[in-house]
Amino acid sequence: MENNTPMDKNKEIGQETVKPALEKKAEETKTEEITKKGETAETVNIEELKQLYDEQLKRSDEYYQRLIRMQADFENYRRRVGKEKEELLKFAAEDLIVKLLPVLDNFERALVAPGENNQNISKFKEGIEMIYRQFIDVLAKEGLSIIPTINQQFDPVNHEVILQEETGGQPDNNIIEELRRGYFFKGKVIRPAWVKVARSGTS
């Protein structure tokens, strides 16, 4: 049987009162430390985010400035190319005209010749034929060629039928006469030839 004195009882009561108070104090201290750590971490995160934001803002501004310069460069390039194209179209025929000037000179000389001596018709004709050959030669060097017609089979790409003539000595659609000369330019038909074709009497 235990004998508890009043002093012992007071001591037990004191311990029971102090212990919860100490535990509560420890919990409060721990909570305060956690809160401080959280506030510190939050402050660090805000600083990092602000630094990140500033970097991204600087980068986006660099991209924007680069885009502005690229647009300006492209606009200058487009303007320059447009001007060059306009100049090219404007003077595209200049080289051909220069090559045809001697032909024009010869025509002028030939037109004056008959007036000086009307009996020199044969030489005048020879001069015109020479000019014609010169003219054809210039155009041939530029890529012009004549579409073949006589004794060729009609080709709807190269020829255009203007007349038909019944004949027993020619196969159907054989070209028997050229009514207007046709031309290729570098292999492309720029003017089909007008032709007369044969047609058998039985068709």
I want to check the label-to-label distance for residue 196 and residue 130. Put each point 7 Å from Cα in the C-beta direction and report it in nm to one decimal. 3.5
With a 10 Å radius around each residue's Cβ, average the other Cβ atoms per peptide and rank 133-139, 172-178, highest first. 172-178, 133-139
Kirkwood-based Rg/Rh on the Cα set of region 144-203 evaluates to 1.02
For region 44-109, what does the alpha-carbon gyration tensor say about shape, rounded, prolate or oblate, given a ≥ b ≥ c as the root eigenvalues, a/c under 1.5 as rounded, and a/b over b/c as prolate? prolate
So, in nm, how far is label residue 141 from label residue 65 when the simple model puts each one 7 Å beyond its Cα toward the Cβ? 5.7
Among the listed pairs 85/196; 85/141; 123/188; 125/196, those beyond 31 Å (Cα-Cα): 85/196; 123/188
When 81, 157, 195, 103 are ranked with the fewest other C-beta atoms within 10 Å first, the list becomes 157, 81, 103, 195
Debye sum, Cα scatterers, region 67-156, no solvent: what log₁₀ I/I(0) at q = 0.25 1/Å? -1.14
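Laboratory data are not the source of any read-out in this text; all were calculated from the coordinates shown. Since the structure is predicted, the reported quantities are computational estimates derived from the model, not experimental observations. Note that each Cβ is placed from the backbone with ideal geometry, even for glycine, and that neighbours are counted across all protein chains shown.
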